[in-house]
1. Taking the square root of 5 times each eigenvalue of the Cα gyration tensor, what semi-axes in Å does the equivalent ellipsoid of the range 322-403 have, largest first?
2. Taking θ as phi - 60°, what are the ³J(HN,Hα) couplings along the range 171-182 by the Karplus curve (6.51, -1.76, 1.60), each to the nearest whole Hz, with x for Gly and Pro?
3. What FRET efficiency comes out for THR226 versus GLU51 if R0 is 41 angstrom and r is the Cβ-Cβ distance? Round to the nearest 0.05.
4. Considering only ILE5, ALA310, TYR83, whose Cα is most displaced toward the positive end of the charge dipole of the chain, charges sitting on Cβ of Lys, Arg (+1) and Asp, Glu (-1)?
5. Which whole-number percent is the relative contact order of the range 338-403 (Cα, under 8 Å, 6+ apart)?
6. Collect residues whose amide H, placed 1.01 Å from N in the peptide plane, falls under 5 Å from the amide H of ALA3; neighbours closer than 5 in sequence don't count.
7. With all protein chains present, how much of the accessible area of the range 1-117 (probe radius 1.4 Å) comes from carbon and sulfur, to the nearest whole percent?
8. Sort the range 51-194 into rounded, prolate or oblate with this rule: let a ≥ b ≥ c be the square roots of the eigenvalues of the Cα gyration tensor; rounded if a/c is under 1.5, and if a/c is not under 1.5, prolate when a/b is larger than b/c, oblate otherwise.
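The values are calculated or read from the model by the stated rules, or taken from the named source; none is laboratory data. Quick caveat: nothing in here was measured; it's all calculated off a predicted structure. With ideal geometry, Cβ positions are generated from the backbone for all residues, glycine too; neighbour counts draw on all protein chains shown. Protein only, heavy atoms only, side chains kept; ligands, DNA and RNA dropped before computing areas. Shrake-Rupley method; radii C 1.70, N 1.55, O 1.52, S 1.80 Å.
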Amino acid sequence: MKAAIMGFGTVGSGVYEVLDRNRETVRKKAGEPIEIKYILNRRDLPGSPVEDLVVHEIGTILEDPETGLVVETMGGTSPAYEYVKCCLQAGKHVVTSNKNLVAAHGTELLAIAREKRVSFLFEASVGGGIPIIRTINESLAGDVVEEISGILNGTTNYILTKMYEEGWGFDEALKMAQELGYAERNPEADIEGYDTCRKIAILTAAASGQEVDYEQIPTEGITKLTDVDFSYAARLGASIKLFGTSICRDGRYYLEVAPVFINARNPLYSVSGVFNGILLNSNMLGESMYYGSGAGKLPTASAVVGDMIAAVQLKDRPAALGWTGQRLEVLPVRQLPWKYFARFEGSREEKKTLTEELFGKVRWLELAGLDEFAILTGPMTGEEFDRAAGQLGGLRRAIRAQV
């Protein structure tokens, strides 16, 4: 099988390295060698071992009947979308690590792949090297996945880990993440939750078999969290993680991206640093957890090469992967009952009676030297919480809690 790589940055070069280092393993598992014939890149790569493979025009790949497999590691949606669509229409298998592409255009690209009897595979678009999409579609094919809770972004998890374990402020932790290369110069997609939002949309689409519009998912990042929040969390024996959440109840789907209080009983509590963790609950297997490197050159490239091997094995029997064009109704997670951690200005003594009238039995929390108090409520819907908090007044922070 002759293949092309579109984009030769971190992941693209990693794919070439994996294919080169594990050449014999790839050959045995694919049933034939996979050879990179072209590398589509804006710039030449003089002095590189691949300099003779570099091309600058997509037409070179499209017009070559020998090239049957294309890897997209360019990132973004344009020109990645246009190039991938053309490759599929030309009858070439496509493998991508691009969550933006899959979240925005996956439905259309999957439909083209089915029509042309080729595979469009994207395991590396969620969770880096963690085999989560294949697990949902193949290993759990006989199950109904009822809940997905995921730490799906290594940058935010690194920042939150530093804030919790070492008492760093948000700005300090973000700066270190940027210095270490975990965060981009413009980290908005990570810290505002947009990256996690696209990934939970893809996982929900894979689990439900329906298209998910990521723009409908309520999304909150981590920029409002402070060291005070983590001090309270420590009092509860809890930590704060940015979750992508997807819950199926009676055939209806509730989604959210937001910080969540979790304690040590939750398997995701110990997922620290830049690692990702995904907790599934399915109706037959029950709870299962998937943990590993959610980003990085070789972990992500490993997932890409796994998809390349699958495409070669399947040939003109494309993978039964993906979802239909039927749009899933997205409901907010806040419609379900949860506990809430909430901070209010003022003193506990002054507001104790009214607080208990509005919220019922609560757990009280206080930190010395602060003109505020915090509570952990019993289960209530988001609407019920908002109504009670509005009547009490002085709300400083509210975080959903799974403790």
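1. Semi-axes (√(5λ), whole Å): 31, 13, 11.
2. 4, 5, 5, 5, 4, 5, 4, 5, 5, 7, x, 7
3. It comes out at approximately 0.25.
4. Checked the options; the winner is ALA310.
5. Relative contact order of the range 338-403: 53 percent.
6. Here GLU35, ILE36, LYS37, TYR38 satisfy the definition.
7. Working: 2540 of 5620 Å².
Using a 1.4 Å probe with all protein chains present, the range 1-117 comes out at 45 percent carbon and sulfur.
8. Working: a/c = 2.89, a/b = 1.57, b/c = 1.85.
Verdict is oblate for the range 51-194.
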